[in-house]
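Just so it is clear, none of the values below were taken in a lab; they were calculated from the coordinates. Everything numeric in this text was worked out from a predicted model, so none of it was measured. With ideal geometry, Cβ positions are generated from the backbone for all residues, glycine too; neighbour counts draw on all protein chains shown.
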Amino acid sequence: MAKPLLLLQLRPEVAAADDEYRAVLRAARIGAGDAVRIRMDQEFPDIDLDEFAAVVVGGGPSNVSSPEERKYDYQRRFEPPLREVIAEIVRRDFPYLGACYGLSILADVLGAKVGTEQYGEKAGAQTIEMTEAARDDPLVRELPSAFRAFVGHKEACQEVPPGAVLLAGSADCPVQMVRVGQHVYATQFHPELDGDGLAVRIETYRHEGYFEPHEADELMALGHRERITVPMEILRRFAARYRG
C-alpha cells in the first residue's frame, strides 16, 4: 500500500482550512485516506518522514519575515519545529511541495531573503512563465510555457534561494516556482486553488490587508471568470509521482 501524503496546514480559520484540505485532495486526485492532515495552528506532533510518501505545506496568514513580536502565537509555536522538518527534507531530498508560505519557509531555511519589500501580489490570477530549466524538469516538463494561476501574498522571495533552480516566474514576482535537489519543490502560486476556493479565501481575509476590502466582490467575480488548470496538474503529477 502506498504511503500517504502529509499535509501541513497553518490556517486557523476553519472554513479556509477545510476548503484548502478538500482542494488539495481534489487537485491531487486522492481520497481522504490517502492523506494525513495536521493543522499546525492546533498541534505539531513529532513527524517521522519515513511514514509518508511526501510532504505538502500550504499557505495562510503567517509571514516568515514578520518580526517575532508580531507573529501569531500559534506561528511562534509551530515555526521552530517546522524549520527542523524542512531542514531534514532538504538534507534528505525528501519529496516536498510547498505553496505560498510553504515556499517562504523553505527559502528561509535555505538562507534566502524573504520579505515584503518587493513582489507582493494582490489576490487574483497572474500569468506564470516557465524558465528554460523547466523544460527538463521531470515534474513540469511538457506543461504550457505560460499559464494562469491564483496568487495572493504580502511577502515573497527577494532572490532565488541558494542552491535552488528557478522553474517559473511572473511579471510582478520573479520567483514563482523553484526546485531544490531533485525532489523538493515550492511555488508562490497556489496549485490547489480554483475560483470557488479563491472566493472562500477572499471572504476569509477580506480585512487582512491583502487587498482593499471594497475590492473583494470584484476580485471574486474576476476569479470566477478565470480558467485555471495547469497548477492543479502540477499537484496531480506530484502526488502521482511520489505515491505511485
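For the peptides 159-166, 190-197, residues were scored by their other Cβ atoms within 10 Å and the scores averaged per peptide; the highest-first order is 190-197, 159-166.
Lysine pair count for the chain (Cα-Cα distance under 20 Å; residues 8 or more apart in sequence or on different chains): 4.
The packing ranking, built from the mean of other Cβ atoms within 10 Å per residue, places the peptides 207-218, 30-41 in the order 30-41, 207-218, highest first. One quarter of the convex hull surface built on the alpha carbon atoms of the chain amounts to 11.9 nm², the projected area averaged over directions.
Filter the GluC sites (Glu not before Pro) in the range 33-92 down to the DSSP loop ones having no more than 10 other Cβ atoms within 10 Å, then list what survives.
Hits after loop and neighbour filter: E43.
Note on the chain: with a GNM built from Cα contacts shorter than 10 Å, the maximum mean-square fluctuation among L222, L103, L198 falls on L222.
Pairs of Cα atoms nearer than 8 Å and 6+ residues apart set the relative contact order; for the range 149-244 it is 26 percent. For the chain, the relative contact order works out to 23 percent when only alpha carbon pairs closer than 8 Å and six or more residues apart are counted.
Once the chain from T127 to E218 is taken as fully extended at 0.36 nm per residue, the excess over their C-alpha distance is 30.9 nm.
Straightening the chain between E43 and R76 buys 10.7 nm, computed as 0.36 nm per residue apart minus the Cα-Cα spacing.
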